[in-house]
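To start, the structure under review is shown below, and the notes come after it.
The values are calculated or read from the model by the stated rules, or taken from the named source; none is laboratory data. This structure is a prediction, so every number in the text was calculated from the model and none was measured. With ideal geometry, Cβ positions are generated from the backbone for all residues, glycine too; neighbour counts draw on all protein chains shown.
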């Protein structure tokens, strides 16, 4: 079972959120649906702009913790390298 570390954004260069999950499509769907009173719901953060895949849950959790310590500029650079147009990558997950 793969595990994912992901970054959501409210818009290009907007508010960012970093998370980890074992089902990326379901988790992003939950964020988009604002199914819980949360940071992402409060700030409209629901656009999947970056993700990484891991085989081991501990690797994904450790990477998430590392990304959360990153400077904002480093996160923006990572997003720009993977997704220069800041497309919502969620659409491609369901294909």
When every residue in segment 39-90 that is without any contact (Cβ under 8 Å) to a residue 12 or more places away in the chain and within 22 Å of residue 26 (Cα to Cα) is compared, the one surrounded by the most Cβ atoms within 10 Å (Cβ to Cβ) is 41
Output the residue which, of all residues in segment 26-38 that are surrounded by 13 or more Cβ atoms within 10 Å (Cβ to Cβ) and modelled with pLDDT of 90 or more, is nearest to residue 89 (Cα to Cα).
28
Among the candidates 17, 6, single out the residue that is crowded, with 20+ Cβ neighbours inside 10 Å and assigned to a strand (DSSP E or B).
6
Inside segment 84-95, the number of residues satisfying the requirement of being modelled with pLDDT of 95 or more and closer than 15 Å to residue 46 by Cβ is 5
For segment 12-28, how many residues are without any contact (Cβ under 8 Å) to a residue 40 or more places away in the chain and out of contact with any helix residue (DSSP H, G or I) (no Cβ under 6 Å at 6 or more places or on another chain)?
5
Can you pull out the residues in segment 38-53 that are more than 14 Å from the chain's Cα centre (by Cα) and either within 10 Å of residue 5 (Cα to Cα) or in a loop (DSSP other than H, G, I, E, B) (or both)?
38
